[in-house]
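Asks: The structure is given below, and queries will be raised subsequently.
Derivation of every value follows stated rules applied to the coordinates shown; laboratory data play no part. What you see is a predicted model, and the numbers here were worked out from it, not measured in a lab. With ideal geometry, Cβ positions are generated from the backbone for all residues, glycine too; neighbour counts draw on all protein chains shown.
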Amino acid sequence: SLPDLTGSLPDLTGSLPDLTGSLPDTAGQEELLREMAAPVAAKGKAPSSEVRAVILKLCQGRFLQTEMLAVLLKRQAKNLRQQYLAPMVREGLLKLRYPESPTRPDQAYTAGGGKV
């Protein structure tokens, strides 16, 4: 059976490493995530509905940290958190890995199964 990749993201407390190599295990997985993120990453300004849809797709079945999403989408982590991640959590679209401490530096998000 396939290993559970949800717990395999690096611990980003402390220093932030170069995140380009820090996706789960296989290069295939990284390639897949980059392809999913491409429609947004390729644009300076993408419609917010498109960004939200891509975030949901990226977080489907896995937890991704803000920094990882920022790298994939070529966006600033802080802006991503304020404009998309926090509102999407409030709407129930995304779930927090650590709901009891939402401001954890290693907080990660997964798709919550709500409607887009």
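Asks: Regarding region 58-72, can at least one residue be identified that is assigned to a helix (DSSP H, G or I) and more than 19 Å from GLU35 (Cα to Cα)? Spell out how you get there, then give the answer.
Replies: Taking region 58-72 and keeping what is assigned to a helix (DSSP H, G or I), we get 58, 66-72.
Those left that are additionally more than 19 Å from GLU35 (Cα to Cα): none.
No, region 58-72 contains no residue that is assigned to a helix (DSSP H, G or I) and more than 19 Å from GLU35 (Cα to Cα).
Asks: Among the numbered criteria (1) buried (at least 21 other Cβ atoms within 10 Å of the Cβ); (2) under 11 Å from ALA111 (Cα atoms), which single criterion is violated by LYS95?
Replies: Condition (1) is where LYS95 drops out.
Asks: Just to be sure before I move on: is TYR98 closer than 22 Å to PRO39 by Cα, not hydrophobic (A, V, I, L, M, F, W, C) and not in a helix (DSSP H, G or I) in the structure I sent? Show your work before the answer.
Replies: Values: closer than 22 Å to PRO39 by Cα: no; not hydrophobic (A, V, I, L, M, F, W, C): yes; not in a helix (DSSP H, G or I): yes.
Answer is no for this residue.
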